[in-house]
Each structure stands twice: as C-alpha cells, then as structure tokens.
1. Go through (1) in a helix (DSSP H, G or I); (2) surrounded by fewer than 24 Cβ atoms within 10 Å (Cβ to Cβ); (3) touching a residue at least 12 places away in the same chain (Cβ under 8 Å) and name the single condition residue 149 misses.
2. Residues to consider are 109, 159, 137; find the one that is away from the ligand (no atom under 16 Å from the Cβ) and either outside any loop (DSSP other than H, G, I, E, B) or over 21 Å from residue 52 (Cβ atoms) (or both).
3. Quick one: in the stretch 38-51, which of the residues that are closer than 26 Å to residue 130 by Cβ and in a loop (DSSP other than H, G, I, E, B) is farthest from the ligand (Cβ to nearest atom)?
4. Of all residues in the stretch 123-134, which are within 18 Å of residue 54 (Cβ to Cβ) and either away from the ligand (no atom under 15 Å from the Cβ) or not in a strand (DSSP E or B) (or both)?
5. Taking the residues in the stretch 52-83 that are near the ligand (Cβ under 10 Å from one of its atoms) and assigned to a loop (DSSP other than H, G, I, E, B) as candidates, determine which candidate is surrounded by the most Cβ atoms within 10 Å (Cβ to Cβ).
6. Contact list please: Cβ distance under 8 Å, first residue in the stretch 43-63 and closer than 16 Å to residue 214 by Cβ, second residue assigned to a loop (DSSP other than H, G, I, E, B) and more than 13 Å from the ligand (Cβ to nearest atom), pairs at least six apart or on different chains.
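Readers should treat all values here as calculations from the given coordinates under stated rules, not as data from a laboratory. Fair warning: this is a prediction, and the values are worked out from it, not measured in the lab. Neighbour counts are summed over all protein chains in view; Cβ atoms, including those assigned to glycine, are modelled from backbone coordinates with ideal geometry.
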Ligand SMILES: [Zn+2]
C-alpha cells in the first residue's frame with residue numbers, strides 16, 4: 001500500500017504535478033498519453049523504455065510532439081467539461097503536460113492507478129508519400145496480448161469516434177480501424193505496451209494508440225491544423241469524449 005502510494009505520488013510529482021484532474025481521484029480515471037515530447041530521445045533500447053522526441057512533421061513544419069500535447073489537453077478539458085455536465089464522473093490524467101519527453105517506464109507508471117479505466121496514447125501519423133488519410137488505433141499484437149479482444153474492441157470504437165470528428169473537416173476520410181504493433185522494434189512491438197504489461201495492477205485495462213490523422217498529407221494539414229486549430233481540435237474531440245465516457249460508464253461499458 002505504501003509502495004503504491006509512493007508510486008502514485010512519484011508519478012504526480014516526478015512527471016507533472018496536477019497530472020490528475022477531475023472531480024475525485026476515486027472516480028474512473030481516463031489516462032491520456034501525449035506521444036513524444038522534448039528535444040531528445042529518452043530511455044534506452046536495452047530497457048525497452050526509449051521514446052523518440054518526435055516522429056511526424058507537416059509540410060508546414062508542425063511537429064507531432066506539439067500536436068499530441070495540444071490535442072491531449074483539449075481532450076482532457078472536453079472530457080472533464082462533459083463529465084461535469086452530464087456524467088459519468090471521471091478523472092483524467094496526462095502522462096506529460098509540457099514539452100518534455102518521458103521514457104516509457106515512467107509513462108507506464110504514471111498510468112498505474114487502482115481505478116484506471118482506459119489508456120489512450122495520442123499520436124499523429126505519417127506515411128504513404130503524404131497522400132494518406134484516416135484515423136487508426138494500434139494495439140498490442142495477439143501473441144503478446146492476453147486481452148487482445150478487449151483492446152481490439154476498444155481501439156476499433158475509438159478510431160471510429162475519432163474519424164467521426166475528422167469527417168467534419170475531411171468528409172471523405174475513413175477510419176482505418178485497428179492495426180497491431182508487430183512491425184515495431186523488429187517485431188518486439190511497442191515499448192509502451194511492453195512497459196504497461198509490467199504494471200500488473202493494470203491487468204485488463206484497455207489500451208491503444210490513437211493515430212488521429214496523417215499530418216504529412218497537405219490536405220489534412222490544411223483541413224484540421226491551420227486556421228483556428230483549437231476550435232477544430234475541440235470539434236474533433238467531441239465524439240471521442242462521447243465514446244470514452246460511454247465506455248467507462250457503469251452499465252454502458254462495452255467490456
Ligand atoms: Zn508518434
């Protein structure tokens with residue numbers, strides 16, 4: 001119990017004080033992990049804790065690491081606003097709330113509350129020569145994942161909810177559904193999932209990466225990242241908020 005207290009306290013103090021916000025820490029906690037951050041790789045390959053500071057970049061020079069933080073903050077605020085307005089009561093945690101990279105041991109530890117309800121790592125995608133669109137969820141491969149079906153269902157719904165938000169600005173965008181992490185790190189899979197699996201208390205908590213959109217596509221950049229980006233992100237977050245609150249609500253849960 002003391003260890004647990006220290007762990008939670010450390011997660012709050014070491015990473016970002018006030019990381020958990022909401023009506024009460026005893027409510028179900030939705031953990032949001034803004035991918036990447038800072039200016040350097042942290043962690044190590046040997047420990048499977050390494051996190052790159054940034055991956056995707058737009059043609060206009062916007063960085064994924066900044067967009068993940070912006071979007072995660074807005075998602076947190078909208079979750080808390082909607083939770084306070086019509087329930088269910090939730091708390092929301094961020095694994096980072098500033099421009100700093102956090103290794104995956106610490107990101108996983110920051111998610112480790114007794115009442116964590118789900119974990120979403122926010123990312124923006126790149127690939128296919130700057131022509132792709134679509135939201136997708138990435139989950140741990142079946143061969144390493146005892147809760148594959150749970151994660152698959154969670155990720156599929158989340159990608160569809162995100163796509164519903166995106167379609168307000170890119171009507172032809174489609175959800176790409178769920179992919180697995182078998183292609184990462186030479187077949188070893190995601191470091192985040194590896195470290196989360198070591199947090200035994202998180203057991204059956206559903207988890208996935210949400211790749212919001214392909215930001216190396218100039219059309220995507222123009223549609224959702226230029227102009228009043230904050231208002232656009234709030235609009236995109238709305239169906240995601242509805243999905244996550246329905247997911248954690250007792251009785252409405254799809255687990
Ligand atoms: Zn990423």
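1. (3)
2. Answer to the check: 109.
3. The extreme case among them is 39.
4. 126, 127, 130
5. 56
6. 60/226
Per-residue answers, yes or no, for (1) crowded, with 18+ Cβ neighbours inside 10 Å; (2) within 16 Å of the ligand (Cβ to nearest atom):
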site	(1), (2)
144	no, no
165	yes, no
177	no, no
186	no, no
206	yes, no
212	yes, yes
224	yes, no
227	no, no
236	yes, no
